[in-house]
1. Given contacts defined as C-alpha pairs under 8 Å and at least six residues apart, what's the relative contact order of the chain, whole-number percent?
2. Measure nothing but the geometry: give the 0 to 90° angle between the long axis through the Cα atoms of 9-29 and the longest principal axis through the Cα atoms of the chain, rounded to 10°.
3. Once you have the Cα-Cα distance between E38 and R68, take 0.36 nm times their residue separation minus that, and quote the gain in nm to one decimal.
4. Just the number, please: carbon plus sulfur as a percent of the accessible area of the chain, 1.4 Å probe, no ligands or DNA/RNA counted.
5. Give me the 1.4 Å probe accessible area per residue for the chain, excluding ligands and nucleic acids, in Å².
6. Please compute the Kirkwood hydrodynamic radius over the chain, one decimal place, Å, based on all pairs of different Cα atoms.
7. To the nearest 20 debye, what charge dipole does the chain have about its Cα centre, counting +1 at the Cβ of each Lys and Arg and -1 at the Cβ of each Asp and Glu?
8. So what is the 222 nm mean residue ellipticity for the chain from helices alone, if each DSSP H run of at least 4 adds -39500 (n - 2.57) and you divide by all residues, rounding to the nearest 500 deg cm²/dmol?
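The values are calculated or read from the model by the stated rules, or taken from the named source; none is laboratory data. For clarity, every value in this text was computed on a predicted model and none was experimentally measured. Glycine gets a Cβ as well: all are built from the backbone with ideal geometry, and neighbour counts include every protein chain shown. Surface accessibility is based on the protein's heavy atoms, side chains included, excluding ligands, DNA and RNA. Shrake-Rupley method; radii C 1.70, N 1.55, O 1.52, S 1.80 Å.
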Amino acid sequence: MSSANAASPRGRRTRTFELVVHGIDIATTLGAEPLVPEAALRESLAIAAGLAMQSGKGSSVLAGLTGRGGLAEDFTALG
């Protein structure tokens with residue numbers, strides 16, 4: 001990604017999403033509670049929900065988030 005794209009609103013959102021997701025991975029691996037700023041977590045959840053909708057998995061994600069259905073261990077909305 002060029003520096004111009006990284007500075008765009010979409011580029012910042014993508015970078016935030018990547019940092020949040022991988023930061024949670026690292027914290028989990030270390031056995032620590034992930035501490036994610038609320039704004040970054042909210043933005044990352046919105047991106048993930050949008051990706052779920054684009055991949056046709058929006059209903060499954062909503063069911064999982066509301067306790068109406070579990071998501072498979074290997075579930076992903078990323079592709």
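1. Over the chain, the number comes to 22 percent.
2. It works out to around 60 degrees.
3. Full extension of this stretch gives 8.3 nm more.
4. Carbon-and-sulfur percentage of accessible area, whole number: 60.
5. Counting only protein heavy atoms, the per-residue value for the chain is 76 Å².
6. 13.9
7. Computed charge dipole of the chain: roughly 380 debye.
8. -20500 deg cm²/dmol
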